[in-house]
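Here the structure comes first, spelled out in structure tokens, and everything after it is commentary.
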Amino acid sequence: MVKVLFVCLGNICRSTMAEAVMRHKVAAAGLEDWILVDSAGTGRYHLGDIPHPGTRKQLEQSGISWEGIYARQIERADLGAFDYLVGMDRENVQGILRLAEGEEAKKVFLLSDFVDDAGWDDVPDPWFTKKFDVTYQLVSQGCDALLERLRKDLPVSI
Ligand code: 4NP
């Protein structure tokens, strides 16, 4: 089982969207038994909240479920529990790294790291930009690329 944790600031806009989109892509690929997906925020502004209305609308338009997703804050134990900790922007990555000890830092990535010639670094925060469609495009592109990377971690027969 490969375990992925998406991380943003509030865990109601970007990492939430990434969790829902990735779950959808993993299910479409028939890999639910092999890839576990979760998300968390570095901040604690929205603990227990469902996704932001803009994220919900964008997901619903794409036929993607956000069921069962509630905001939580990343904790130290997540650094041990997950194989890939994926920040939406460079500030999120710094936030994750502050919790990391030793070799754990090697499991910390920026979503755009997985996209060849991405042409972008950070997923802009729609809490401020209001551009949930832009967030969705980048998140979807990043998740496609991450899924290809994860396939390499799975047994060859999958
Ligand atoms: P997110 O967006 O990090 O993509 O979930 C934000 C959500 C809430 C806040 C900031 C960013 N906030 O300040 O409450």
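The values are calculated or read from the model by the stated rules, or taken from the named source; none is laboratory data. Keep in mind that this is a model prediction, so the values were computed, not measured. So basically every Cβ, Gly included, is an ideal-geometry build from the backbone, and we count neighbours across all protein chains shown.
For residues in segment 1-35 being assigned to a loop (DSSP other than H, G, I, E, B) and more than 9 Å from the ligand (Cβ to nearest atom), which is nearest to L99 (Cα to Cα)? Give the steps one after another, and end with the answer.
Taking segment 1-35 as the starting set, the residues that turn out to be assigned to a loop (DSSP other than H, G, I, E, B) are 1, 9-13, 29-34.
Still in the list and also more than 9 Å from the ligand (Cβ to nearest atom): 1, 29-34.
Values: M1: 23, A29: 32, G30: 33, L31: 29, E32: 28, D33: 28, W34: 26 Å.
Looking at residues that are assigned to a loop (DSSP other than H, G, I, E, B) and more than 9 Å from the ligand (Cβ to nearest atom), I get M1.
Whether any residue in segment 83-94 is within 21 Å of A29 (Cβ to Cβ), in contact with a helix residue (DSSP H, G or I) (Cβ under 9 Å, 6 or more places away or on another chain) and not hydrophobic (A, V, I, L, M, F, W, C) is what I want to check. Lay out the reasoning, then the answer.
Let us first name the residues in segment 83-94 that are within 21 Å of A29 (Cβ to Cβ), namely 83-84, 86.
Keeping just the survivors that are in contact with a helix residue (DSSP H, G or I) (Cβ under 9 Å, 6 or more places away or on another chain) gives 83-84, 86.
Among the residues that remain, those that are also not hydrophobic (A, V, I, L, M, F, W, C) are: 83-84.
Yes, some residue in segment 83-94 is within 21 Å of A29 (Cβ to Cβ), in contact with a helix residue (DSSP H, G or I) (Cβ under 9 Å, 6 or more places away or on another chain) and not hydrophobic (A, V, I, L, M, F, W, C).
Only one of these conditions is not met by D38: (1) farther than 21 Å from D122 by Cα; (2) away from the ligand (no atom under 13 Å from the Cβ); (3) acidic (D, E). Which number is it?
(1)
Would you check if there is a residue in segment 104-120 being closer than 16 Å to R23 by Cα, more than 12 Å from the ligand (Cβ to nearest atom) and either outside any helix (DSSP H, G or I) or at pLDDT below 95 (or both)?
No; the residues of segment 104-120 include none that is closer than 16 Å to R23 by Cα, more than 12 Å from the ligand (Cβ to nearest atom) and either outside any helix (DSSP H, G or I) or at pLDDT below 95 (or both).
So is L99 touching a residue at least 60 places away in the same chain (Cβ under 8 Å) and in a loop (DSSP other than H, G, I, E, B) or not?
On the way: touching a residue at least 60 places away in the same chain (Cβ under 8 Å): no; in a loop (DSSP other than H, G, I, E, B): yes.
The answer is no for L99.
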